Amino acid sequence: MGEAGSKRSRRPSRRWVVPPGLRYMDEPFDGFAVVDELRNSLGLLLWQSLRDVDLWSATEPEEHPLLFAAGAAERRRVELASVPEARAVQSPLLAIARLLEGGPAHPSELTETCLAVSRWAISTGYRRTALAFGEAAAVVSPHDAEAAYWVGYLSRRAAEYRRAETWYRRTIGLARRNDDWKSYGMAYCGWANLLIQRGDYAGARDKLMVALRAARRHGLWNIKPLALHDLCCIAIRNGNAEEVTSFARKAFRAYGRRHPRVVALAHDVAFFWMLQGYFAPALRVFRAVAAHVEDRPHRLLALSSVARAAGGVGDRFTYNEAWADTWQLIDSSEDTEKVAEALVNLAHGAAGIGDRDRANIAAGQALTVALQRKEPEQRDAAESILNALRRAEPVGPVRRSMSTAPGVAAEALSSELAEVLSTATLEV
């Protein structure tokens, strides 16, 4: 027994298998997405920088000094200075330009530089450019779980679900190998969100429970509220009022009053009350949420939710304003993230005020976008609205009295959330 135990103690620890992440393979040439998306001088500079990084990462270190022609770095700096649009991302592009001098470069620093460009690109709506530089970062540092997670996250937001799943799986393998439990938890939360988008709530719940256990075991207090929040979202979709309230309050306590994600939690809880027919308290929260949200996808949801709740209470003036604001935001970009969901909201709101023409327009366009993005939940919602309109049946829940027990609970919770949003100074 002692000898067997001794042998077990000498057994090497398990080395976790790390699957590859799926990369773009169907472009006319490497980096095509960048020049196709921007189509200007800045796009050309970004493409050149991306190709420099790809070439550097594919070359042995001893060959780096021989990669680029003499004077290439100085020419790049001159080009950067001549393009005004490059100022917002000049610092990381200058850092990449230093590769052209052939000097040493640390992979972790180059990875962070590529991630900086990627974050800038996603914040300005250049989704494909963000993904290209995110992938470059993951290639430069192939053992970096955080970089792999970022590719999965961007792929999910672009509705490239198969690709996103491969990168989440890779993140999990790298994170277990490196004891990077934050990336491990984030990957499971991201994977769960992917499954939610595809309508697989049971699978998403399983992934979130893994993330929650990891958060408790490793003290990941930044992961815990995210997992609880997403569990709340699943309960909302399943119509489980008891779980919605339980997970919402747990997530709120885990976030704290100043956390920026409290805004999203407030929106999700208000959305549940709206689905139950309690439009007035939901409208109060949505208005408070809209005052805090600036990034395009979530602002689309906030404005369209105002429209839907306003339609539910028969407030035509507020609905018309929110309809116009939502469409203006949709038309301002080719990015379709959250567009189908926003259009479903507009269709519900239009039906609420009796405007069947606008309901048909919004639901028809929602169906088109949902099919393009492979979002079954929004596809089914749009089809349900269109079918109800054809049969001249009611669309959505009937307005319910606030004097009922659930109505009183909705009023109390919405007042608490609206007060938090109006008085708290949220951290950025």
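Brief remarks follow.
- Computed over region 324-383, the Cα gyration tensor eigenvalues convert (square root of 5λ each) into semi-axes of 17, 15, 8 Å, ordered from largest to smallest.
- At 1.306 mPa s and 10 °C, Stokes diffusion of the chain via Kirkwood alpha-carbon radius, µm² per second: 67
- The chain - charge dipole about Cα centre, Lys and Arg +1 at Cβ, Asp and Glu -1, debye rounded to 20: 1640
- Against the compact-protein benchmark of 2.2 N^0.38 Å, the Cα-based radius of gyration of region 18-134 scales to 1.04.
- Each label was represented as a point 7 Å from its Cα along the Cα-to-Cβ direction; for LYS374 and LEU67 these points are 3.3 nm apart.
- Computed over Cα pairs, the Kirkwood radius of region 125-268 leads via Stokes-Einstein (0.890 mPa s, 25 °C) to a diffusion coefficient of 159 µm² per second.
- Cross-link partners of LYS250 among aspartates and glutamates (Cα-Cα below 17 Å; sequence separation of 8 or more within a chain): ASP230, GLU242, ASP268, GLU416
- Mean Cβ neighbour count within 10 Å, used as a protection proxy, ranking 155-167, 137-149 highest first: 137-149, 155-167
- Solvent-accessible area, 1.4 Å probe, carbon plus sulfur percent, for region 33-191: 51
- Normalising by residue count, region 39-98 has a Cα convex hull of 74 Å³ per residue.
- Heavy-atom accessible area per residue - the chain, 1.4 Å, Å²: 48
- Residue among VAL262, VAL395, VAL83 with the largest mean-square fluctuation in a Gaussian network model of the chain, springs linking Cα atoms under 10 Å: VAL83
- Normalised per residue, the volume of the convex hull around the Cα set of region 183-333 (Å³): 114
- Between ALA412 and ASP206, the C-beta separation translates, for a Förster distance of 41 Å, into a calculated FRET efficiency of about 0.80.
- Computed about the Cα centre, the dipole magnitude for region 14-147 is approximately 340 debye when only Lys and Arg (+1) and Asp and Glu (-1) carry charge, each at its Cβ.
- In the complete set of protein chains, residue-level accessible area for ASP355 is approximately 30 Å², probe 1.4 angstrom.
- Alpha-carbon centroids, region 266-301 and region 216-258: separation in whole Å: 17
- Looking at region 209-281, the chymotrypsin sites (Phe, Trp or Tyr not before Pro) that sit in a DSSP loop and have at most 16 other Cβ atoms within 10 Å of their own Cβ are TRP221.
- Computed from the Cβ-Cβ distance with R0 of 56 Å, the FRET efficiency linking ARG77 to ASN387 stands at 0.40.
- GLU85-GLU109 pseudo-label distance in nm [points 7 Å out on the Cα-to-Cβ vector]: 3.0
- Computed lengthening from GLU419 to ARG216, 0.36 nm per intervening residue step minus Cα-Cα distance: 70.1 nm
- Derived value for region 170-240: Kirkwood hydrodynamic radius 11.9 Å. Basis is the mean of 1/r over every pair of different alpha-carbon atoms.
The values are calculated or read from the model by the stated rules, or taken from the named source; none is laboratory data. These figures come from a predicted structure and were not determined experimentally. Positions of Cβ are generated from backbone atoms using ideal geometry, with glycine treated the same way; all protein chains shown enter the neighbour counts. Just the protein is used for accessible areas: all its heavy atoms, side chains included, with ligands, DNA and RNA removed. Shrake-Rupley method; radii C 1.70, N 1.55, O 1.52, S 1.80 Å.
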